[in-house]
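Presented below is the structure to which this report refers.
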Amino acid sequence: MLEYRDVYAGGRLVGSGSADVITIVNPATEEVAGAVPSMVGADVEVAVAAARRAFDAGPWPQADQADRAAALDRLAAAIEARAEDTARLVSAEMGMPIQLSRRSNVFIPCGIIRYYAALARDMAPEEIREAVSFAGRTVVRREPAGVAAVIASWSYPLILAFCQLAPALAAGCTVVLKPAAETSLSAYILAEAFEAADFPPGVFNLVTGTGQVAEMLAAHPGVDVVAVAGPTPAGRRIAAICGESLKPVTLELGGKSAAIVLDDVDLGAIAAELGCLCFANSGQACFTMSRVLAPRSRYDEAVSALVSQASGFAVGDPMAEETTMGPLANPRQRVLVESCVTAGVVAGARIVTGGRRPATPVRGYYYEPTVFADADAGMAIARDEIYGPVVAVIPYDSETEAVEIANDSSYGLAGSVWTEDPERGLRIARRARVGTFGVNLYVPDIGAPWGGRKASGMGSVYGPEGLHTYLATKCVFLPPSLPGEG
């Protein structure tokens, strides 16, 4: 069992001022995996003060861009050196199958880090423009925004951390990371990696605890910018706190994404990829395609294809190489999923596969991949985020109706369309009111902005746009010539 009692601040472990701990339970075995401090205000003060000193007086914000990029490359290498330990620890914390964990908690985060290292090398901090309003020039500077608080979720813990940490560091900010309580143990491995990569003290800092700690960070006057990944209610609360001081905030929140299956599609060819988007990570992803819209003429065929995919998942021990679906992350999540399934049945939808706890394994917070037929767009299972392996298949009569159903949601993060005609798919993509959309696939591109609309959040991660979040603009107005210029 791993056990920590410290804040990581100023490049070292500092004893927490809290006697309370958060016990982290392995969702596959229901055994204790470890414990971290349930931190208090004094701990937040220590971490923010360290980040503040490192920004105001430390070398990181003033460092040459090439030096910051080199440090990020060293960080990626340090995480790769801890790859198996990191992947297995996240699997023990929240139940992600080990093969997915290696990709999602090592390979992809390191790709994000190296992408922003490359952007840092090429970034031009100043641009000179000829002034329009006077005879002279304007220097447009892009400077590090300050101390960044990054509040991450547990579903893909290291991706959701580094999609904010990497651009913040590349921009020259210092950071305080607050991981989800369920995945706090793996965050201490990150502290080790930052030390191994020889980052200046105070550039990376770590606090653990409940949502109250996240709120303390958001409210702290020493924090300049905030990024949140998590459920919509928590994001709204953090946004309200930031609004009181007009503090910039990026929100990556929930979703209820729709996959539109068109009448011309080869279901056999796309079923595996669509099934993965519905059920991967036990459906615990903000972009999960939890609504599948199928033409009435091919409705039964679409339901059968999803049932086949659901039945093909190997549910079991997340540490086993053959496992493709682990448990839900915690007992609260399973209770929520069960209540949503019950509500779907009461509303008149029909379970065609799943809808229960599996007979084996006996222990763990497992739930079978579940497909609902006879669902309509007004049911709660088609409108509320479930965050579990539950998919509602909804019929439609026309392409226009399919787009209307997809858009009729309080969320607006993601969507997809599946068709033999990519141009037809692109036309539908242009009508979708979401931040991201896929035609015959759905793969977030770290080189392009990724974010949601409506209750799915605001702001973007990835791409140059993700870097701009952590840069403050300053304009310097100059006369036609400075002393000494020709």
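The values are calculated or read from the model by the stated rules, or taken from the named source; none is laboratory data. Here the structure is a predicted model, which is why all the values come from computation and not from measurement. Positions of Cβ are backbone-derived with ideal geometry, glycine not excepted, and every protein chain shown enters the neighbour counts. Surface accessibility is based on the protein's heavy atoms, side chains included, excluding ligands, DNA and RNA. Shrake-Rupley method; radii C 1.70, N 1.55, O 1.52, S 1.80 Å.
Descriptive notes on the structure:
So that you can scan it fast, the table gives a plain yes or no per residue for (1) touching a residue at least 60 places away in the same chain (Cβ under 8 Å); (2) buried (at least 19 other Cβ atoms within 10 Å of the Cβ); (3) outside any helix (DSSP H, G or I); (4) in contact with a strand residue (DSSP E or B) (Cβ under 7 Å, 6 or more places away or on another chain):
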{"residue": "A42", "(1), (2), (3), (4)": "no, no, no, no"}
{"residue": "P61", "(1), (2), (3), (4)": "yes, yes, yes, yes"}
{"residue": "T86", "(1), (2), (3), (4)": "yes, yes, no, no"}
{"residue": "S91", "(1), (2), (3), (4)": "yes, yes, no, no"}
{"residue": "R103", "(1), (2), (3), (4)": "no, no, no, no"}
{"residue": "Y116", "(1), (2), (3), (4)": "yes, yes, no, no"}
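- Count - residues of region 194-213 that are open to solvent by less than 10 Å² (accessible area, probe 1.4 Å) and farther than 16 Å from T174 by Cα: 3
Conditions tested, residue by residue: (1) touching a helix residue (DSSP H, G or I) at 6+ places or on another chain (Cβ under 9 Å); (2) in a loop (DSSP other than H, G, I, E, B); (3) at pLDDT 95 or above; (4) aliphatic (A, V, I, L, M).
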site	(1), (2), (3), (4)
C276	yes, no, yes, no
A285	yes, yes, yes, yes
V337	yes, no, yes, yes
V341	yes, no, yes, yes
R357	yes, yes, yes, no
T360	no, yes, no, no
E368	yes, yes, yes, no
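- Residue in region 276-284 that is more than 30 Å from Y365 (Cα to Cα) and buried (at least 19 other Cβ atoms within 10 Å of the Cβ) present: no
For every residue, the table says whether it meets (1) crowded, with 21+ Cβ neighbours inside 10 Å; (2) of a type in the set (A, V, I, L, M, F, W, C); (3) modelled with pLDDT of 95 or more.
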position	(1), (2), (3)
A375	yes, yes, yes
G388	yes, no, yes
D397	no, no, yes
A402	yes, yes, yes
N407	no, no, yes
G415	yes, no, yes
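- Residue match in region 452-475 (condition: assigned to a loop (DSSP other than H, G, I, E, B), polar (S, T, N, Q), open to solvent by 10 Å² or more (accessible area, probe 1.4 Å) and in contact with a Pro (Cβ under 8 Å, 6 or more places away or on another chain)): yes
- Number of residues in region 442-486 that are modelled with pLDDT of 95 or more, over 16 Å from the mean Cα position of the chain (by Cα) and on the phi > 0 side of the Ramachandran plot equals 1.
- In region 317-335, of all residues being touching an Asp or Glu at 6+ places or on another chain (Cβ under 9 Å) and either surrounded by fewer than 22 Cβ atoms within 10 Å (Cβ to Cβ) or among the β-branched types (V, I, T) (or both), the one that is nearest to E84 (Cα to Cα) corresponds to T323.
- Evaluated against (1) over 30 Å from M319 (Cα atoms); (2) open to solvent by 20 Å² or more (accessible area, probe 1.4 Å); (3) assigned to a helix (DSSP H, G or I), A50 falls short on exactly one condition, (2).
- Top-ranked residue of region 287-316 - restricted to ones that are out of contact with any helix residue (DSSP H, G or I) (no Cβ under 9 Å at 6 or more places or on another chain) and either in a loop (DSSP other than H, G, I, E, B) or modelled with pLDDT under 95 (or both), ranked as least open to solvent (accessible area, probe 1.4 Å): G316
- The residues of region 336-358 that are among the hydroxyl-bearing types (S, T, Y) and within 20 Å of A314 (Cα to Cα) amount to a single one, T353.
- Region 206-251 - residue that is β-branched (V, I, T) and assigned to a helix (DSSP H, G or I) and, of those, farthest from the chain's Cα centre (by Cα): I241
- Being on the phi < 0 side of the Ramachandran plot and either among the basic types (K, R) or touching a residue at least 40 places away in the same chain (Cβ under 8 Å) (or both) is a property that P201 has.
- A392 open to solvent by 20 Å² or more (accessible area, probe 1.4 Å), of a type in the set (A, V, I, L, M), touching a helix residue (DSSP H, G or I) at 6+ places or on another chain (Cβ under 9 Å) and closer than 23 Å to T232 by Cβ: no
- The single condition among (1) part of a strand (DSSP E or B); (2) among the hydroxyl-bearing types (S, T, Y); (3) crowded, with 17+ Cβ neighbours inside 10 Å that T23 does not satisfy is (3).
- Of all residues in region 395-432 being among the β-branched types (V, I, T) and out of contact with any helix residue (DSSP H, G or I) (no Cβ under 7 Å at 6 or more places or on another chain), the one that is farthest from L293 (Cα to Cα): T400
- Some residue of region 142-158 being in a helix (DSSP H, G or I), open to solvent by less than 70 Å² (accessible area, probe 1.4 Å) and either touching a Pro at 6+ places or on another chain (Cβ under 8 Å) or aromatic (F, W, Y) (or both): yes
- Some residue of region 169-177 being more than 17 Å from the chain's Cα centre (by Cα), of a type in the set (S, T, Y) and surrounded by 18 or more Cβ atoms within 10 Å (Cβ to Cβ): yes
- Residues located in region 119-141, provided they are of a type in the set (D, E) and either in a helix (DSSP H, G or I) or open to solvent by less than 20 Å² (accessible area, probe 1.4 Å) (or both): D122
- Search result, residues across region 290-329 that are among the acidic types (D, E), touching a residue at least 24 places away in the same chain (Cβ under 8 Å) and under 17 Å from A375 (Cα atoms): E301
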